[in-house]
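Quick notes on the structure that follows.
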Amino acid sequence: MDKRLVICIGRQFGSGGREIGQGLAEKLGIPLYDKEILKKAAAESGIVEELFEKADEKPSNSFLYSLSMGTHGQHTVNFTNYNDYLTNDKLFLFQCSTIRELAEKSSCVIIGRCADYILRSREDMLSVFIHAPLELRIQRIARLNNIEEDAARALIKKTDRQRANYYNFYADRDWGAASSYDITLNSGKFGVERSVEVLTGICERL
């Protein structure tokens, strides 16, 4: 892809959002960042990766987002004054820095982690939210994880609640609301492959 574009994908659990992001990245010939963000943030911060994984897309109990968001538009963050704040907030700040560095480096697809909000000042950022009917997501998660549908339903509700709380805490937008994104796409209607085709067409025409 010739034009610089950073595609940030939010997703309901079980909607196929990561698979769609992976397919889109492959179609456009650009890197995909998901768990890689945690590895890079851990390496650059010197904090063990397990802490980033434990706090991944889970809200903190303090209210530091205003400080972290105050650094938007910058590509480095000075953490030396934050030693007394809660771990989740410090980890979020490191992830903010990592996400900005990745976006500055090249076109890419970034999965979750408030990336659309962190990068909201970039004109080359496209925000996407992938959703699907609950019953389809239950069937998908039950099949992929080899679990009963009741267990899949509970896991979906728990994961979606965590993602929503995380996003709503660190951003001043509502997770999953159409007004929070440039594009919302029902993968239950289109399927993963056609969703990739739809998004690829949009990106190529921007």
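Name every residue in region 192-206 that is more than 20 Å from the chain's Cα centre (by Cα) and open to solvent by less than 30 Å² (accessible area, probe 1.4 Å), in order of residue number.
Listed by number, the list holds a single entry, Gly201.
The rows are residues; the columns are (1) β-branched (Val, Ile, Thr); (2) open to solvent by 10 Å² or more (accessible area, probe 1.4 Å).
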residue: Val6; (1), (2): yes, no
residue: Ile9; (1), (2): yes, no
residue: Phe13; (1), (2): no, yes
residue: Gly17; (1), (2): no, no
residue: Gly21; (1), (2): no, no
residue: Glu26; (1), (2): no, yes
residue: Pro31; (1), (2): no, yes
residue: Ile37; (1), (2): yes, no
residue: Ala41; (1), (2): no, no
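Would you call Ile147 open to solvent by 10 Å² or more (accessible area, probe 1.4 Å) and more than 15 Å from Arg18 (Cβ to Cβ)?
yes
Quick one: Ser187 ticks every box in (1) more than 28 Å from Lys27 (Cα to Cα); (2) touching a residue at least 40 places away in the same chain (Cβ under 8 Å) except a single one, so which number is it?
Condition (1) is where Ser187 drops out.
Sort through Ser68, Ser62 and tell me the only one that's part of a loop (DSSP other than H, G, I, E, B), open to solvent by less than 40 Å² (accessible area, probe 1.4 Å), among the hydroxyl-bearing types (Ser, Thr, Tyr) and at pLDDT below 95.
Ser62
Give me the residue from region 156-180 that is small (Gly, Ala, Ser) and assigned to a loop (DSSP other than H, G, I, E, B) and, out of that set, surrounded by the fewest Cβ atoms within 10 Å (Cβ to Cβ).
If we take residues in region 156-180 being small (Gly, Ala, Ser) and assigned to a loop (DSSP other than H, G, I, E, B), then Ala177 is surrounded by the fewest Cβ atoms within 10 Å (Cβ to Cβ).
The values are calculated or read from the model by the stated rules, or taken from the named source; none is laboratory data. Nothing here was measured: the structure is a model prediction, and the numbers come from that model. For neighbour counting, all protein chains shown are included, and Cβ atoms are generated from backbone atoms with ideal geometry for every residue, glycine included. We work out accessible area using only protein heavy atoms, side chains counted, and drop any ligands, DNA or RNA first. Shrake-Rupley method; radii C 1.70, N 1.55, O 1.52, S 1.80 Å.
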